[in-house]
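Heads up, the thing below is written out as C-alpha cells.
The values are calculated or read from the model by the stated rules, or taken from the named source; none is laboratory data. Here the structure is a predicted model, which means the values were calculated and not measured. Protein only, heavy atoms only, side chains kept; ligands, DNA and RNA dropped before computing areas. Shrake-Rupley method; radii C 1.70, N 1.55, O 1.52, S 1.80 Å.
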Amino acid sequence: MTGVCGVGQKTLVFAILRKIVLEIPALFILDKLFPLYGLAYAQFTAELILSAIGMITLSRFFKN
C-alpha cells in the first residue's frame, strides 16, 4: 500500500495538463483550422498526447 502514496500529485498534474495546457490552446488553434470540427479534434488531440505521456509515466513508475 505504501507504493501508491504520492500518486495523487501526478494525477493532479495530468488533470491540469489535460485541460489547461493541452485542450484550451488546442481549442483555439484547431477552431481556426477546422471551424466546424475544431472542438472534437481538440479533445481528441489532447487525449492522444496525454495518453502517450501517461504510458511513459506508467512505464517509469513500474520500473521503480
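Which residue is modelled with the highest pLDDT, if the candidates are limited to region 45-64 and must be open to solvent by 80 Å² or more (accessible area, probe 1.4 Å) and under 10 Å from the mean Cα position of the chain (by Cα)?
Per the stated criteria, the residue is Leu48.
Suppose we filter region 20-44 for residues that are open to solvent by less than 90 Å² (accessible area, probe 1.4 Å) and hydroxyl-bearing (Ser, Thr, Tyr); how many remain?
0
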